[in-house]
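Chemist: Pasting a structure here, questions to come.
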Amino acid sequence: MDVPRWRVLMILTEFEPASVSLIAEHGVIKLFTMTKTVKRLEREGLVKTRQRQSDARVTEVVLTEEGRRAVKRVRAQASRIFHQAFDGINATEMKYLNKVLQRISRNLDSTPGRAR
């Protein structure tokens, strides 16, 4: 499971059904790239696409049963990796890590000349 496909599946668990443009927005991926990713997931049988009933110009994406099973497998693997990575790190250390990462993120957001 690569990151773009993982993002689509995770976004669909929160916003199903979702338009391709909504998935692209939440996944911070260009619409063209997202469209290709959704088509690949559809070929793999993990999602289905359909026209929105209220507006046929909008393509909606929904998880298939195989897609739901894939989400469970990916979440289980991610949980194992998370627990391995943060083994022995206490709550105080985790708070400190989050503060440092937030500061790094703010620094990057405020970098002069950064493309937004």
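What follows is calculated from the coordinates using simple rules that are stated; it is not laboratory data. For clarity, every value in this text was computed on a predicted model and none was experimentally measured. Don't worry about glycine lacking a Cβ; one is built from the backbone with ideal geometry, like all the others, and counts go over all protein chains shown.
Chemist: Tally up the residues in the stretch 14-37 that are of a type outside the set (D, E, K, R) and part of a loop (DSSP other than H, G, I, E, B), please.
Modeler: 3
Chemist: Could you list all residues from the stretch 40-56 that are acidic (Asp, Glu) and either touching a His at 6+ places or on another chain (Cβ under 7 Å) or surrounded by 15 or more Cβ atoms within 10 Å (Cβ to Cβ) (or both)? First the steps, then the outcome.
Modeler: Residues of the stretch 40-56 acidic (Asp, Glu): 42, 44, 55.
The one that is acidic (Asp, Glu) and either touching a His at 6+ places or on another chain (Cβ under 7 Å) or surrounded by 15 or more Cβ atoms within 10 Å (Cβ to Cβ) (or both): GLU42.
Chemist: Which one of THR59, THR37 is in contact with a Gly (Cβ under 9 Å, 6 or more places away or on another chain) and either among the hydroxyl-bearing types (Ser, Thr, Tyr) or loosely packed, with under 12 Cβ neighbours inside 10 Å (or both)?
Modeler: THR37
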